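The values are calculated or read from the model by the stated rules, or taken from the named source; none is laboratory data. Quantities reported herein were computed from a predicted structural model and do not represent experimental measurements. Ideal geometry is used to build each Cβ from the backbone, glycine not excepted, and the neighbour counts take in all protein chains shown.
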Amino acid sequence: MKLKDIECLEMDLRKIWKLLHERRAVSTVVSSVILTGAVIAVSFVVLFWAQYRSSAYNEQYSEAMNADIARLKERLAFEYVFYNQTGRSLSVYLMNCGTIDNVNITTVYVKNNTWFTPFSSIGLKFLNGISTNDFDIGEEGYFVLSSVSLVAGKSYSVRVVTGRGSTFDHTFIA
């Protein structure tokens, strides 16, 4: 080896020795490693939080869509509406002709063009008189509203609101 090569090698060794023993270089490397580790840890926390929120939003969306689909599947057909003038009662006969079970009635409105009356406690019954809370697919039944004052020969409307929020209207003449 030549003298120049030995001097260069000696110089390189001094630089390496100085770099290894210099505290500023070590503290810079350590701080960079700590900062990189913190950024990676925070990134994983954000990733898991975003994944949790997206799955929660997906579940809420799925529940809302299923509720909307169930509401769209509800169909009530008015078979017959009869007003008993002497007893002041209105009998409404219905059939669940939709494609979903458990159709219950929460509110009924009787109205004409100048007023409306809500009824919230509805006693559903099957055609044989047995009480029920809801109608399944293809079931028929009725409810009777008492203390209803209607004028014979005038046009009125009945609006039935289900537990899922569907509304069904029927116009009749008292």
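Where strands (runs of 3 or more DSSP E) fall entirely within the range 52-135, those with at least 1 residues that are at pLDDT 90 or above and touching an Asp or Glu at 6+ places or on another chain (Cβ under 6 Å) are at 89-96.
Quick check: is even one residue across the range 53-76 among the small types (Gly, Ala, Ser), within 30 Å of residue 122 (Cα to Cα) and surrounded by 11 or more Cβ atoms within 10 Å (Cβ to Cβ)? Looking for residues that are among the small types (Gly, Ala, Ser), within 30 Å of residue 122 (Cα to Cα) and surrounded by 11 or more Cβ atoms within 10 Å (Cβ to Cβ), one finds at least one in the range 53-76, hence yes. Being at pLDDT 90 or above and either exposed (fewer than 13 other Cβ atoms within 10 Å of the Cβ) or at positive phi (or both) is a property that holds for residue 155. Is it fair to say residue 86 is surrounded by fewer than 12 Cβ atoms within 10 Å (Cβ to Cβ), in the same structural domain as residue 138 (by TED's automatic domain parsing) and not acidic (Asp, Glu)? It is true that residue 86 is surrounded by fewer than 12 Cβ atoms within 10 Å (Cβ to Cβ), in the same structural domain as residue 138 (by TED's automatic domain parsing) and not acidic (Asp, Glu). In the range 80-94, the residue that is farthest from the chain's Cα centre (by Cα) out of those that are among the small types (Gly, Ala, Ser) and closer than 22 Å to residue 168 by Cα is 89.
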